[in-house]
Amino acid sequence: MLSTKKLLPNHRQFLLNAGLAVVEADFITIYNTPFEITTVGQNLIFTSQNAVKSFLLNREAVEYKDHPVFCVGSKTKEAMERAGYKVAAFAEYAEQLAEEIVTGHSRESFTFFSGSMRRDTLPDALTDAGITWNEIEIYQTVLSPLKINTPLDAVLFYSPSGVESFLKENRIGDALCFCIGTTTASALEGITEKIVLANKPTVENVVVQCVNYYKNYE
C-alpha cells in the first residue's frame, strides 16, 4: 500500500505490526510564505495545522493571543491551545464550523489565515451570510507528483490536493482508497467507489481504519 504523505514512526510501525507493507511519499509540499498581519478581525480562523505552523513563525502572532480562535480539526485546535491561544469553537469539517459562525457569531468579524489551495466552503458561507471577514494567505501548497511503479492494493489519502497530485502520475485502478474525510473522498468522485472513510479526520485514524479493514478482511 501507499501513504501519500510520510508517516510518523509510530503510525508506520502500527501498519508493519499488522503485517502490512507500506510505501511512503509526500505528494504535496508545504512552503511557509512571509506575510504581514495587517487588518485583523475580532476572531481568527485556522483550518489546518499547516496554517498554525506558519502563523506562529510570524513575530507579530503573539500580539493576537487575546483574539478568540475558530478551528477546523482537533489537531489544529490542539496546536493553537499548546501555543497559548484560546479556541472559542472548533469542528471537524469546514461546513460545520461555517454553520457555527453563521448561527452564533454573525455580528462579529473574522480573519481567515489560509493556504494557497484552500477550498471555498468557509469563505462562501461567510460572504453569503454578510459576515465581515478578510483573508491572509500564509502558506503555499505545491503538488509533488511521483510515479509509483509498485502495484498497489491500497492508497492512503489525507487531502484533496494529495489526490490531485497522485492522479497526475498514477491511476487508482482496483486499489482501495482510505480517505481522511468526506472532502478528500469527494476528490475521487467518478474515479472509484472503493473508498473507506476515517471515523475522525486524522492521519492516525486513517491508519487505524486501514489496519482494521485488513484485520476483518482476513
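Observations, loosely collected:
- For the chain, share of DSSP beta bridges that run antiparallel, in % to the nearest 5: 15
- Principal axis extents of the C-alpha atoms in segment 1-154 (largest first, rounded to whole Å): 53, 32, 26.
- FRET efficiency, 1/(1 + (r/R0)^6) with R0 41 Å, evaluated for residue 63 and residue 199 via beta carbons: 0.60
- Filtered GluC sites (Glu not before Pro), segment 100-190: DSSP coil and at most 10 other beta carbons within 10 Å: 189
- Calculated diffusion of segment 143-185, Stokes-Einstein form, Kirkwood radius summed over Cα pairs, 37 °C and 0.692 mPa s, µm²/s: 310
- Cα-Cα separations in segment 114-218 greater than 17 Å, expressed as whole percent: 61
- Shown here for segment 53-83: trypsin sites (Lys or Arg not before Pro) in loop regions (DSSP other than H, G, I, E, B) with at most 14 other Cβ atoms within 10 Å, namely 59, 65.
Here, each number is a calculation from the coordinates, and none is a lab measurement. None of these values were measured; they are calculated from a predicted model. Don't worry about glycine lacking a Cβ; one is built from the backbone with ideal geometry, like all the others, and counts go over all protein chains shown.
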